[in-house]
Each structure stands twice: as C-alpha cells, then as structure tokens.
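Read the structure below first, then the notes.
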Amino acid sequence: MRIKSQKDFFSGLLFIVVGVAFAWGATNYKVGDAARMGPGYFPLLLGVLMAIVGIAVTFAALTVETEDGDKVGKFAWKPLFFIILSNLVFGLLLGGLPSIGLPYMGMIAAIIALTFIAALAGEEFKFKEVLILAIILAVSCYSTFIWALKLQFPAWPAFIAG
Amino acid sequence: MDLINNLSIGFGVAFTPINLLYAFVGCLLGTLIGVLPGIGPLATIAMLLPATYALPPVSALIMLAGIYYGAQYGGSTTAILVNLPGEASSVVTVIDGYQMARQGRAGPALAAAGLGSFFAGCVGTLVLAGFAVPLTEVAFKFGPAEYFSLMVLGLIGAIVLASGSILKAVGMILLGLLMGLVGTDVNSGVARFSFDIPELTDGIGFIVIGMGVFGYGEIISNLGKHESERKVFAAEVKGLMPTREDFRNMAPAVLRGTVLGSMLGILPGGGATMAAFAAYTIEKKAKMRPGEIPFGKGNIRGVAGPESANNAASQTSFIPLLTLGIPPNAVMALMVGAMTIHNIQPGPQVMTSNPELFWGLIASMWIGNAMLIVLNLPLIGIWIKLLTVPYRWLFPAIVLFCAIGVYSTNNNTFDIWMVAIFGVLGYLFIKLGIEPAPLLLGYVLGPMMEENLRRALLLSRGDWSVFVTRGLSASLLAVAVLLLVIVLLPSVKRKREEAFVEE
C-alpha cells in the first residue's frame, strides 16, 4: 500500500491518536447518560468523533491520488530547537525552578539569554548585533513592564534583590 | 423623537472637553498596551481600572470605553503585523491581515480594520440606543437548545474558514473543543485531563494556544526556509491607505459584518468571537469581484468584514449588560465591576433612574470609537515602520513578547512551558498542512457548548429531539446543514480547490 498524501496520512494518524487518548481518558470520569451527563460524557463523544474523522482522513490519504505525494518535507530542526530552547531558558531564568531549588535570575538575565539563544536559530549570528538587540529589548521591557505598567516581575536575580 | 432626545442628553453629558481628554487618554493607553502581544483588552482594562477610581462616574466609564476600544484595536494591530492574535476575535483577522502585511499592504489592512470598526461602532451605538429593550427580548428566546444549535452553526462555519481539507478542519475543531474541556468541570468539580497538575485545573489559557500555535509555529516555519526563498515581508510598502479598488471591495464587507455583528453581539457569551468568524465565512462565500485576491492570501474583505463584525458585536454586547445586568463576557464583567465601584447597579433600572448616565455611556462609546480612528490613522505609519526592521532582529523580539505576554497573564512560569509545547504543535500543524484557526474557535466554544448541551438535554430528560422540535433551534441547525451541503457539493468543492490551491 502506497501513501498518496503524506501530509494527510500523518494528520489522520495524529487525529486518531489524540481522539483515542481523549476518549480513553474520558472513561476515567463518570460518563452518565444524556439526561444526566457526567464529566466524561462530552469528551468521550468528541474523542470518538475525532478518531472517526482521523480514520477518514487517513483512508483518504491512502486512496485519493495527489500530484506530488504531498510530502511533509524536512523538519527545520535547528530553528525548532533554538526557539523552543530559548523559550524554556527564559522561563527557567525568570521564575527559577523551586522544585529543584533553582533560584530565579530575573527578567533582565532571562531576556538576554532568550535573545542570544533565539538568534542562534537564524542563519547568521553576529555577536555584536545580537548583544545590542538584547540590551535594547531588556531596557525597553524593563521600562514598559516594570516601570510603567508595574507588573510583578522579578527584574534582578534572587541573590541581589533578596 | 425619543431617540434623538435621548442621544442629545447623552452627548450633552459626554461631550465636554475634559471627557474628550479622558477618552483620548484612555484610547492612547489602551492602544499602547493592547499592542503588546499577549496583553488583550481584558488584561489592559484590569491593569488600568484603578486609574479610573478617582474620576467622576461618567468620565470613568468614558475612559474605560476608550481603553477597551484602544486595546481591541491594538490587538488587531499585532494580529496583522506579526501574526499574533491577542484574543479570540482577532484570530480571523490574522488569516488575511498578516498575508496583506507580508505583501507590503499592512497600511491598507490596518486602515480597513480601523475604518470598518469605526463604521460598525457607529451603527452598533445606534442599535444600542434605539433597540436595546426590544432586542433583549430576542436574547430571552435563546434557551440552551438554541445556543447549542447556534454553536454548531458557528463551528460548521469555521469549516468553511479553512482553505485546505474539510475533514482536517473538522478534526481541528474537535481538537479545539477537547482542549477547551481541559480543567475543572463546572458541574461536578472534577478536574479533567489535568494529570494532577494544579495549573491545568484552570484550563489551558487562550493566550498560550494562540501565541504557541500562531506565533512560534510561524516563526519556526519562516526560519526553516532558506533566506533566498523566505521573503517574510515584501521590501516595498505599498501605500498607507486603501486604494479606491480596496474601498470598493471592503464597503459591502463592512456592511455585512456590521449587520451580523450587531445581531450576534446581543447574545451573551462569545458573541463577538462568533461574529468575527461568521463574518469571515460569509465573506468567503460572497461572490468575488474579478481580479480580487483569494481569501487566505491577503484579501482586504477578510480583514474588513470580521473587524467590523467584531466591533459591532462588542458594541451591542452592552445591551444584555445594560438591560439585564448580565455581563456577556469577561471584559463586560470588569465593566460591571467598574460601575459598581461608582455606585451604579447595571440593570434595567439604570435607564430610568439615571438616564444621563445611561445615555452618557452610550454617547461615550461612540466618542471612544471616534477617538480611536483619530488616534490610529496617524499611527499606521509608525506601525509599518516596524516591519522594515530586518527579520533577524524582529523574530527574537516576537519570541520575547510571546514569552512575556504568556507569563504576565498569570505570573506563572507553567504557562511558558505550555507555550513551548504548543509552539512545537503549531509547527507540526504547518508541516502537515493543517490550518489552526478552527482549533481556536473550537477551543473558545468548547466549554459553552458542553454546558448548553447538558442543560438542553437535562431539560428534555435526555431526549435529543429537543434540538429539532424547538423552532429557532431547528432553523439554526437547518442553516448549518445547508451550509455543510454547500461546502460538500462536488461542484462547489472543485471551485474551492481552484481558489485555494495549497501552497
């Protein structure tokens, strides 16, 4: 059997897996009946529907001819990795991780780290340029969010702010 | 004429220099804060509410109205410029608005949003002033069965939104509905799909999904293309204002959007969002003029229609608030809070007990709208300058604003981890050729749909026929079925595919 549309085939699989997962999860809650719906009723219904849609999408992907096979194509691993990493590091530095006793480093450090890591996702990385960008972003965020809007962000590391 | 009399009382109260100043300041603050990604009207009003405590009631409400409109327009600005929908109703604006910005037509897109909103706001104000009481009766006719059917209609409409596969759009709606259910079930108090994570019992935030799927997904996909084929934004910016052709295209869209928005806004819960989605659906179905750009590729009607609908709806959503005292959405609930602080109890008696306040508020909404256009048309030039910043500097800034916006909604790093997950998902959707807009509509409607389904079937003792035996509900479902048939008809389908050949 040949996959005729790769994109649709994997979309269908995704829908089936997620639909089944939700439906299976919903059976852990009280389902009830139509007149007295439990918390599991609606999610179970939706999950089953979604799995059916997924099967239909997968089936269509195997039967309906497409011109070029609708290839998913190469994943952009580098930007994916660095953008998500920059986001995670930002959260880690901004809020710390109390569960392992990691103190927070504050918004300024988080912004600088995010800018540098995110910039690595691009094709060219000029240290000086990124440094200037990081400083501009840090200053403008500090003045907007902390100085002007008075949001409760930790700006400086825990060991300085106390 | 009562209406004119009443409106003149209102304008007499609201149209003082000092109130105009408050309206201006409100609009300015609202726009400036609302334009920050991730900070929508709700957060903006919440942040600025204390600033209005000291003002006299009418001035305070005028300033709040200004903030509200400013923040809403600010949200549309980010939606158009950087593909970040700050709130549910600007999700549709993203589809064509961002494409216009990429083609160097951000100016006309922003102007269309502003002008359309202004027109819709004016009409909405008149509707509010003239028909507030009779319209309330219409809202009363909507029982749970009708709401459920209306939402089904809305969701079917969202299928038409997607330009690719219909089945995949259905899948995304279902996924959205399911995501909306994550968190504590209002009826039983059971935390569903929360994996014992305390933060998840509150559900997944809209901002988290919007920023992750639209913002991060788009950035990663852009960076994945080689620089030579990337061309995120066209080098030259073509004009700040819409051309004559644009005006001719957008005028009917604005009209349709306004009518639709004025009607849907009356219904408590999700009125503005549904209005924006429904308006887009109608525009997409309306006949194209020769030489028009297809939808999803930067059609100005795709911006003007939904934006007008959205604004008309946010105007008429004051009707249930002022006549019944029911806040139709979270923003309105905050407005109720603001009113009670100033010793005004919203409800039917406001109109008779303090008419100058009631009509003053209505007049002030119009002033807020007018101020918005005065303020924002000159600002368009500045926003467009932002797009001339090279992408390699722009994208880290967008990532940063997403992360900060997400964090600031709850001051919780958990949301930052969640946005990372949705970022990966968003990129996966792009790779698999699935469009994310239906997901967000499903997400917004999920909890409401479940509630109304539950109530409707509880009242009918589990009898599903309640949806077709009640006249209004049956006709809504009939329209939904009709729409589905039109979409599925082979001939129409072929045309759809011609018009929206996948990239």
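No value in this document is a laboratory result; all are computed from the given coordinates. This structure is a prediction, so every number in the text was calculated from the model and none was measured. Because the Cβ atoms are built from the backbone with ideal geometry, glycine has one as well, and the counts that use them run over all protein chains shown.
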Mind checking which helices in chain A clear 24 Å along their axis (Cα) and have mean Kyte-Doolittle hydropathy of 1.0 or more, DSSP H runs only?
A:6-26, A:41-63, A:77-95
Using the 10 angstrom Cβ neighbour count as an exposure proxy, how do B:Y147, B:Y391 rank, fewest first?
B:Y391, B:Y147
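About the Cα centre, and with charges only on the beta carbon of Lys, Arg (+1) and Asp, Glu (-1), how big is the dipole of the protein assembly as shown? Nearest 20 debye, please.
On the way: 40 positive and 37 negative charges, 164 e Å.
The dipole of the protein assembly as shown has a size of about 780 debye.
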Averaging over every viewing direction, what projected area does the convex hull of the Cα atoms of the stretch A:1-135 cover, in nm²?
14.1
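Loop only by DSSP, 10 or fewer other Cβ within 10 Å of the Cβ. Give me the trypsin sites (Lys or Arg not before Pro) in the stretch A:61-162 that pass, ordered by residue number.
Hits after loop and neighbour filter: A:K74, A:K150.
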Charge dipole magnitude, Cβ of K and R +1, D and E -1 - chain B, Cα centre, debye nearest 20:
1120
Name the residue farthest towards the positive end of the dipole of the protein assembly as shown from the options B:P85, B:S221, A:A60, assuming +1 on Cβ of Lys and Arg, -1 on Cβ of Asp and Glu, about the Cα centre.
A:A60
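Only sites in a loop by DSSP and with at most 15 other Cβ atoms within 10 Å count here; which GluC sites (Glu not before Pro) in the stretch A:70-162 make the cut?
A:E123, A:E124
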Compute the projected area of the convex hull of the Cα atoms of the stretch A:77-161, averaged over all viewing directions, and report it in nm² to one decimal place.
6.2
Of A:L44, B:L484, B:L439, how do they rank once you tally other Cβ atoms within 10 Å and put the fewest first?
B:L484, A:L44, B:L439
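Which of B:T281, B:T469 has the fewest other C-beta atoms within 10 Å, and how do the rest follow up to the most? Please list the in-between numbers first.
Values: B:T281 23, B:T469 11.
The most exposed by this proxy come first: B:T469, B:T281.
Per DSSP H run of at least 4 residues, take -39500 (n - 2.57); add these up for chain A, divide by its residues and hand me the 222 nm value, nearest 500 deg cm²/dmol. Don't skip to the end; give the middle numbers.
On the way: 6 runs with 96 residues, N = 162.
Result for chain A, helices only: -19500 deg cm²/dmol.
Check each of the chymotrypsin sites (Phe, Trp or Tyr not before Pro) in the stretch B:52-105 and keep only those in coil by DSSP with at most 10 other C-beta atoms within 10 angstrom; list them in order. Display every interim value, and only then the final one.
Values: sites: B:Y53, B:Y68, B:Y69, B:Y73, B:Y98; in loops: B:Y53.
Taking the stretch B:52-105 and a limit of 10 other Cβ atoms within 10 Å, the loop chymotrypsin sites (Phe, Trp or Tyr not before Pro) found are B:Y53.
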Pair A:T27, B:F195: separation of 7 Å Cα→Cβ label points (nm)
2.1
Would you mind computing, in nm to one decimal, how far apart the modelled labels at B:K141 and A:V48 are, each placed 7 Å from Cα along Cα→Cβ?
3.5
Chain B: calculated mean residue ellipticity at 222 nm from DSSP helix runs of at least 4, using -39500 (n - 2.57):
-23500 deg cm²/dmol
